[in-house]
Amino acid sequence: MKSNHHPRWKVLPPVPEEYSKAIGLSTLIAQLLYNRGLTENEAQCFLTESYILENDPFLLTDMSKAVDRINKAILSGEKIAIYGDFDADGITATLILVEGLSWLGGNITPYIPNRLHEGHGQLLALKDLHKQGVSLVITVDCGITAINEAKDAQKAGLDLIITDHHTPLANIPQAIAVIDAKRNNSKYPFRELAGVGVAFKLLQALYKNDKRKDSLTTLLDLVALGSVADMVPLVGENRYLVQEGLKVLNHTKRIGLKELIRISRLEPGKLDAKSIGWFLGPRINAASRLGNAEISYELLTTNSLIQAVDLAVNLEKTNTERQAITKNALALVKEKLINKMDLPLLMEGDKSYSIGVIGLVAGKLVDEFHKPAIVVSIDSDACHGSARSIPEFNLITALEQCQDLLITFGGHPLAAGFTVTRQNLALLEKTLTKMATDKLSHLDISPVLSIDTEISLSTLTSDTIKSIQQLEPFG
């Protein structure tokens, strides 16, 4: 395994002349579109008719089953719970289903788990919700790996609809419907929707024959917010949803969002993907990293200016505190890793690491050392780990091979989380390190910086910059 921290430049091949002529744009713009794999027809849609990128929600596996069960629940007045996740994607996904189903007359209650006590995707509160009279639970941004919890729900007579965008395991949970574009049998043309994107497709399916379906447009600010914050690629359908969502966000009527925009020192009307990724998203995520995500949910739902100001200030302070905690944890992790830097996988744990920031720390380690990195918050019983990786090492595949050592796990190939007993932690580290050695030892895993094209300085005019801005929103 050869690795260095300086990226190797890879200048991409020039765009074919016939491609440039076919789309009728400058060579530079044609090159940028060609490099991103767009066909000639797709390139035109990308720039002028992005609505064509939107797909039929009923192409998602189990969508018809979900729609039938939800309609039945609404008509019979059943109590429906929306079971979200605690990050910006999960919070926004929860809210759009709460609002969208309420408009249809549903008896809806939201539930957002606590990161510190419940963790990702484990659906630990299903039994409590059932005791509260809930007969149907719809998950958003979670649940695709909750095999045991789904079985327990079924035994208890609780109906479950799972909507998620994380990578499924070999077995799918037993539920009324499991909607995930990444399912192996999925015929959906686009696999990279965020959790909020999948939730929005569910609403589109429910409103397909409803004269109020145009009202769903007002929810697109939340779709943009959750999608960008979750760092899904802004191509295909995501591009369309975020593009339209930014239009709504720039004129949002949500009092809490207006206050968050103000306290983030952003200018309404000029918000772009960067505004979400660097300013709004981190503040919304800060609440769950250090406490309870309910603060962020309340901010997005409040109709009180006084409460909105108070909540926005709270999030601002929490985000500042989160930044300091992350910085201190990163320094400690790097200090403890000093004798492990030659290993192909960096893994370190400590009791002092806050569960809310270990994913951020792992991500910073990958950015700096370009190796898979795992940071673990150690407890006397269950230890919680957050992993980030490089393209050459698939975390889900690795964790799936270690599932006999784990309590729970899930996520994506490049970002995942798990829970493990204290007694299995050392063996898990040994096993994952061996996997990384076997997988990476013969590879050059130096980071690669793809260069779109070489141009002369004289071509960088204001017109050039304006033409590049046609490609927004950038991922």
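The values are calculated or read from the model by the stated rules, or taken from the named source; none is laboratory data. On a predicted model such as this, the values are computed, not experimentally measured, just so you know. Here the Cβ is made from the backbone with ideal geometry for all residues, glycine too, and neighbour counts use every protein chain on show. These accessible areas exclude ligands, DNA and RNA; they are computed on the full protein's heavy atoms, side chains included. Shrake-Rupley method; radii C 1.70, N 1.55, O 1.52, S 1.80 Å.
Name the one entry in 234, 290 that is within 30 Å of residue 39 (Cβ to Cβ), open to solvent by 10 Å² or more (accessible area, probe 1.4 Å), of a type outside the set (Ser, Thr, Tyr) and modelled with pLDDT under 95. Criteria check complete, one pass: 234.
Given the criteria open to solvent by less than 60 Å² (accessible area, probe 1.4 Å) and without any contact (Cβ under 8 Å) to a residue 60 or more places away in the chain, does residue 73 qualify? Spelling it out, it is not the case that residue 73 is open to solvent by less than 60 Å² (accessible area, probe 1.4 Å) and without any contact (Cβ under 8 Å) to a residue 60 or more places away in the chain. Could you tell me whether segment 261-280 includes any residue that is under 24 Å from residue 109 (Cα atoms), open to solvent by less than 20 Å² (accessible area, probe 1.4 Å) and assigned to a helix (DSSP H, G or I)? Within segment 261-280, none of the residues are under 24 Å from residue 109 (Cα atoms), open to solvent by less than 20 Å² (accessible area, probe 1.4 Å) and assigned to a helix (DSSP H, G or I). Taken over segment 302-329, the criterion of being closer than 26 Å to residue 375 by Cβ, open to solvent by less than 50 Å² (accessible area, probe 1.4 Å) and hydroxyl-bearing (Ser, Thr, Tyr) is satisfied by 318, 326. If the condition is being under 25 Å from residue 441 (Cα atoms), touching a residue at least 60 places away in the same chain (Cβ under 8 Å) and open to solvent by 30 Å² or more (accessible area, probe 1.4 Å), then segment 330-364 contributes only 343. Scoring residue 58 on the criteria (1) at pLDDT 95 or above; (2) open to solvent by less than 60 Å² (accessible area, probe 1.4 Å); (3) in contact with a Ser or Thr (Cβ under 8 Å, 6 or more places away or on another chain) leaves a single failure, condition (2).
Restricted to strands (runs of 3 or more DSSP E) entirely inside segment 1-118, those with at least 1 residues that are in contact with a strand residue (DSSP E or B) (Cβ under 8 Å, 6 or more places away or on another chain) and closer than 30 Å to residue 441 by Cβ are 8-11. The set of residues from segment 158-186 being among the hydroxyl-bearing types (Ser, Thr, Tyr), in a loop (DSSP other than H, G, I, E, B) and either open to solvent by less than 20 Å² (accessible area, probe 1.4 Å) or more than 18 Å from residue 397 (Cβ to Cβ) (or both) comprises just one member, 186. Consider segment 447-475 and keep the residues that are under 26 Å from the mean Cα position of the chain (by Cα) and part of a loop (DSSP other than H, G, I, E, B). The one that is nearest to residue 9 (Cα to Cα) is 447. Residues satisfying the criterion are absent from segment 365-383 (criterion: among the aliphatic types (A, V, I, L, M), open to solvent by 60 Å² or more (accessible area, probe 1.4 Å) and at pLDDT below 95).
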